[in-house]
Every structure is written in structure tokens, then in C-alpha cells.
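What follows is a set of notes on a single structure, which appears directly below.
Just so it is clear, none of the values below were taken in a lab; they were calculated from the coordinates. Treat the numbers as computed from the prediction; the structure is a model and nothing was measured.
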Amino acid sequence: MIVDQQAVTGRVTSGDVEIFYRKFGKPGHAPIVIVHGLSFFSYDWTKVATLLAQNREVAAIDMRGFGDSGWSPARDYKLETLSNDVIAVLDALGWDKAILMGHSFGGRVCLATAGWKPERTAALVLVDFAPDLAAAGRKHVAERIGRQPDVFASVDEAMTYHHDDPNNPARRARWEAFLTRTDQGYVLKRDLHHRDNFKRALEGNPSPAPQFLWPMLGALTMPTLVIRGSSSDMFAAETMDKVRTTQPAATVAEVNGSHDLAGDNPSELAGTVGDFLAKANL
């Protein structure tokens, strides 16, 4: 393990890759594993993880094919495999149970893991994720990821493509961490497998969404928190009622911000999660 400025970093072998993680805090209350979405990586969750780690350990992982985790030679990014990666991290850290906290696509991974491995799940937190994705957000993500070039000429070009400000030092540092410099240019730390999936969707061949996630959400028995970003284009406001109907025991909350709640409003997000865990005695 390597001690970062704010975290201990490490790697866990899982199948055909190594999973990179950043771990914050010290043993205390139930630990948390954070799983990012398709446009993010563990770096984006540093502020939230630090706030949540005041009385517990928090591990933010890079999913396989993202950030500093390995890319699968077999392009094995099935939901079952991604779930197994989460369990591999728990095993390596010696955590019998953990609170699974997933954002966007990471929410899908955490929901599936909670459903398949309830004995390893102390609680579930879904951040701007429900099994139904809003059409506007789905289209926006497909366009941005599906039309991504193989290589960017510069950090500025990558930031401009993603509608970010190259003159913002904090945002520039984030993109420098999410890009690898090569002889050809700057490569995004995300396996092009994901770009190619969205490209096929744009060509009229979308991958079918799992049909079992709503029934799985309804069958959960562990404490569950579902959070929507108030201005999210991925989680429609009316879907909150479907969540309440499907899982009446769940806590459903709204946090001010867009789909990127960890970037927009880390303090309120962490406070909402912290309050939920306190009430659940976790």
C-alpha cells in the first residue's frame, strides 16, 4: 500500500485485472465502499469519502477499465464480474460486511451486489441512480461517450470535449489524473469498450438494460437510501415515487445538484448519507 496525501492506496487482484482503491479513515463504524459512474473514477469521490471517513473506513474504487485499475484483456465488464470485483475488495480489506454506495452505473453495480450478496451488504446507498434512466440523460451520456475519440491532442482538448473549463486549476488537475500521456497524445483512463458500446447504441443497437433490477430493489431487506440530484437529467423526479412504491422501507432523499453530486455538493451529499447511517445505527 502507498500513503497518498489523504488516502492509503492499494490494489486487489480480481479475475483478470487489478482493482485500484483509495482508502480513507480508520476502523470504527461499518465501512463503506464507493463505486463511481461511467464518466468518473475514484478521484472524484475524495471529498465525499473524506467527509464520511470521520468515524469509519471508506474505500473508493476504480472499476475495472477505469482510472488506475486494469483493463480486462477479455473485455469482461459483465455486471456479475463488476460485482465480484467489489466483493474482492471487501475480502482484501478484511471486511465481512460493508455499506455499498454506488453512483450512476456504480449504483447498478452496488444494487446487483446487494441483491446477490446480501450477507456482505450492511446497507445500500444509491446516488442519483434508479433502474429507470431518464431519456434526456441517457441520450446525453451516449453522445458524449459514444463519440469520444481514441486520443486527445492535449488536456485542453479533452476538457473542451467534455464541456469543462481548461482554465480552472482544480478541474484541470482532475483531468490530468484521468488521462494518460502517450506518444500519440492523451488517452482517457477508460477502456474503449465502453465507448464502443455507446457507439453501437447510437447506431441503433443498444445493449438491453437488465430487467431484474426493480424486483431486486423491491426484495432488499437491508437499510437502503436512494438519493436524487435535484437537477439531475438521469433520474427523473417522478421515478422517486416508483422507488417508494417498489421499496417502501427505503429512505428517499433529494440533494441539491446535478447528476454529479460528488462534484456539485459533496457536503450535503455526505451529510445526507451520514444522517441515514446514524439512524440505521451503522
Report summary line: Shape descriptors of the range 28-159 over alpha-carbon atoms, Rg and Dmax in angstrom, are 15.5, 47
Query raised in the report: What is the Rg over Rh value, at two decimals, for the chain, using alpha-carbon atoms and the Kirkwood definition of Rh?
Result: 0.94
Query raised in the report: On full extension of the chain, what length is gained from THR182 through ASP16, given 0.36 nm per residue of separation minus the C-alpha to C-alpha distance?
Result: 57.4 nm
**Report entry** Karplus-derived HN-Hα couplings along the range 203-218 (A = 6.51, B = -1.76, C = 1.60, θ = phi - 60°), whole Hz, x at Gly and Pro
**Finding:** 8, x, 10, x, 6, x, 6, x, 8, 9, 6, 5, x, 5, 4, x
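Per residue of the chain, what 222 nm ellipticity follows from adding -39500 (n - 2.57) for every DSSP H run with n ≥ 4, rounded to the nearest 500?
Working: 11 runs with 106 residues, N = 282.
Helix contribution divided over all residues of the chain: -11000 deg cm²/dmol.
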Report summary line: The answer for SER72, listing residues at least 5 apart or on another chain whose modeled amide H is closer than 5 Å to its amide H, is GLY65
Query raised in the report: Amide H neighbours of VAL252 under 5 Å, counting only residues 5+ apart in sequence or on other chains, H built in-plane at 1.01 Å?
Result: VAL226
Query raised in the report: Where is the GNM fluctuation largest for the chain (alpha-carbon springs, 10 angstrom cutoff): VAL127, VAL151, VAL48?
Result: VAL151
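Which entries in the list LYS78/LYS189; LYS47/LYS139; LYS26/LYS78 go over 25 Å, if you measure between the two C-alpha atoms of each? Intermediate values should be presented prior to the final figure.
On the way: LYS78/LYS189 19 Å; LYS47/LYS139 29 Å; LYS26/LYS78 32 Å.
Over 25 Å Cα-Cα: LYS47/LYS139; LYS26/LYS78.
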